[in-house]
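Below is one structure; the comments refer to it alone.
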Amino acid sequence: MALTNNDIIKKLRVALKLRDTDIVKILKLVDYDTTTSEIGAFFRSEDHPKYKPLQDQILRNFLNGLVIYKRGPMDRKSSASAKASGDTRKKPAQTKYGRPRAFESKEEKVPSVKHKRSRPRIVGTINRKKRKDNSDSEKD
C-alpha cells in the first residue's frame, strides 16, 4: 500500500510537532494562501464527508516552505555581481550563530579530566610495594 500525499503530510506534522497554524505559516512562506479549516480537511480520515485529498502542488509548496522554515531564506547573489567585484573565492558557510563553519574545528578543546586520586593511588601503592620489597631484601 503506497502512501498518499495526505499520509505524508500527517507523518511530517507528527514528527515535527506542527500545528495547523504552523502549516499555514509554512505555506505562506512560499506565497500559498490557505486556511486552517482547509488544512484540517487534509488530516481527516478518508471516509469522512469533509475529507479532501492533498494535491501534489500543495505538498510540493509545503515541502519547499518547510525548507525555508527550518533553514531560513536562501541568500540570492547573482554571479554577475560577484564577478564585477572581483571576488571569486567561496566564503565559508555561516552557522545560525554567525560563526563560519571553517573555524569550528579550530576551537579550543577541553582536555579530558581524569579523576584526581585514581592515578596517584595506583602509583603510591606500587611505590610502597617496591619500597617494602627493597627493604625486605636489604634486611636479609
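Readers should treat all values here as calculations from the given coordinates under stated rules, not as data from a laboratory. Keep in mind that this is a model prediction, so the values were computed, not measured. FYI the Cβ positions are ideal-geometry reconstructions off the backbone, even for glycines, and counts take in every protein chain you see.
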- Task: Scan the range 41-58 for residues that are part of a helix (DSSP H, G or I) and farther than 14 Å from ILE8 by Cα and jot them down.
- Result: ALA41
- First in the range 59-78 and without any contact (Cβ under 8 Å) to a residue 40 or more places away in the chain and assigned to a helix (DSSP H, G or I), second anywhere and aromatic (Phe, Trp, Tyr) and surrounded by 10 or more Cβ atoms within 10 Å (Cβ to Cβ), Cβ under 7 Å, 6 or more apart: ASN61/TYR32
- Query: Of the residues in the range 1-40, how many are basic (Lys, Arg) and in a loop (DSSP other than H, G, I, E, B)?
  - Reply: 2
